[in-house]
Amino acid sequence: MKAFSKASSILRLFKEAILGSEQNFTEGNINRAIFLLSVPMILEMSMEALFAVVDVFYVSRLNDNDALAAVTLTESMLTLIYSIAIGLSMGVTALVARRVGEKDIPAASVAAVQSLYIGVGISIVISVVGLIFAKDLLALMGASASIIQNCAGYTQWMLGGNLTIMLLFLINAIFRGAGDASLALRALVISNGLNIMLDPIFIFGFGPIPAFGVEGAAIATNIGRGLGVLYQIYHLWKGKGLIKVHVENFMLQTKVMANLIRISVGGTLQFLIGSASWIFLVRIISTFGSEALAGYSIAIRVIIFTILPSWGMANASATLVGQNLGAGQPERAEQSVWKTGFFNMIFLVGVMIIFLLFARSILEFFTRDEKVIEVGIECLRVIALGYVFYGYGMVIAQSFNGAGDTRTPTLLNFFGFWCFQIPLAYALAITFEFGPTGVYAAISIAESAIAIAGILIFRQGKWKGVKI
């Protein structure tokens, strides 16, 4: 009877988390607050990861390693866009959460609009560059002549349509900062549902719609994301959420914008540093041929699919830190971080065990090419060894960001990735001739080292005094 009552209670709490009925997390049980924020954020991040997994699943059915390689190379370039979007998102989440904690909702709405102005401006520049120089960018990434000739359309669509990525991240960051994570989740459910339905139609053709091949995956993704953005805008304008945008918010507020840029620059640099390092790693792996690149492509998407849900818990921690610091409760903010980090570590250790035991079965779901499978298995197993530390590390990093201290994780990323990970990857893969496995080992070692350093710095508590 007690077990049934407990299960019923969990289900009620789960329903409450999905519906998003509570948005104030500065009081009450901390575990309950973590659960209510984490559930929709975990699902939201799973939805974001699903874009790449679905695209790779259908593109792999073309039995064309060049197409898979094009997806990998383009996604590597897109990580720069993700970095800018995530960096801005961290700034707006921190600012909105702090203002919500201070009970200043109008100021939170103003910050939301200014972030969108910044995002749209950056996106236009990227679109122009992507549409004009897609082939040159692929060549710079080490793509073969056949990839450039046959698959550049995918790159043009993805870079040219980056506005949908930017707005999805930014508007969802607004919702998260306000504690309305369930609304962010619903936007991505709509986007992914459409992407899943449209991918096979545009890739393989259906009725009057011709088969676009790998380019069709990009078309479907942009349509799905675009409609998700329209859903977000509707709720910002006429929804029932805490943050509402009105005509009076449209005026440029240079002071607010400057403050947002100041906070976001550190976050953007933080992720640009990390993402740019991934481009170098892909460049190293590309020297070992299309099979190595294809295996890495599939494995990394599986890894992202498991890592992004963990980022959901890390994002929940950022919101809790921001709101509680705004409410003048730094000790509650710190308790939230340690508890969220522990839960995240347990989750990722479970994922690590699955990768170690079932890597082949997971890879065979995407491809039957034995060489590609072998590369992917090695990638999953070696990188997963760092999950023990990474569970805590990613929560700590986002907690710094939620407090408005984007400088600390930026420095950690710079030294960890550029001064340690990249040289180590090159040495292991090229100099000591371990091949792609050397790159995977460098990723696991560097991520673990960054996590440990972040935990030690977080314990000093200087983040509690950051003013934004």
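Just so it is clear, none of the values below were taken in a lab; they were calculated from the coordinates. Only a predicted model underlies this, so the values are computations on that prediction, with no experimental measurement involved. Cβ atoms come from the backbone with ideal geometry, glycine included; neighbour counts cover every protein chain shown.
At-a-glance table
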item	result
For the stretch 27-462, with +1 on Lys and Arg beta carbons and -1 on Asp and Glu, the positive-most of S127, I201, A94 along the dipole	A94
Equivalent-ellipsoid semi-axes of the stretch 25-111, from the Cα gyration tensor, Å, largest first	37, 18, 8
Percent of Cα-Cα distances greater than 37 Å, calculated over the chain	23 percent
Selection from L188, S286, A218, by position along the positive dipole direction of the chain (Cβ)	L188
Under 12 Å, Cβ to Cβ, from A220 - net charge with Lys/Arg +1 and Asp/Glu -1	-2
Radius 11 Å from Cβ of V100, net charge of other residues (Lys, Arg +1; Asp, Glu -1)	+1
FRET efficiency, 1/(1 + (r/R0)^6) with R0 51 Å, evaluated for Q149 and E16 via beta carbons	0.45
Compactness index (Cα Rg / 2.2 N^0.38 Å), the stretch 315-434	1.35
Between 0 and 90°, nearest 10: helix 387-402 axis offset from the chain longest Cα axis	50 degrees
Helix 330-364 axis, angle to the chain major axis (alpha carbon atoms, nearest 10°)	20 degrees
Mean shadow area of the stretch 155-240, taken as a quarter of the surface of its Cα convex hull (nm²)	5.8 nm²
Total formal charge among the other residues, if their Cβ is under 13 angstrom from that of I148, Lys/Arg +1 and Asp/Glu -1	-1
Among the listed pairs K238/K467; K103/K255; K15/K467; K135/K255; K15/K103; K244/K462, those beyond 28 Å (Cα-Cα)	K238/K467; K15/K467; K135/K255; K244/K462
Per-pair calculated FRET efficiency, R0 = 35 Å: V388 and I430 via Cβ, rounded to 0.05	0.80
Helix 2-19 vs. the chain, principal-axis angle (Cα, 0 to 90°, nearest 10)	80 degrees
Protection-proxy order for peptides 215-224, 292-301, 310-319, each taking the mean of Cβ atoms within 10 Å per residue, highest first	310-319, 292-301, 215-224
At most 10 other Cβ within 10 Å, DSSP loop - GluC sites (Glu not before Pro), the stretch 363-449	E433
Size descriptor, Kirkwood hydrodynamic radius, that averages inverse alpha-carbon separations across the stretch 31-71, Å	12.1 Å
Relative frequency of Cα-Cα separations exceeding 26 Å in the stretch 67-184, percent	32 percent
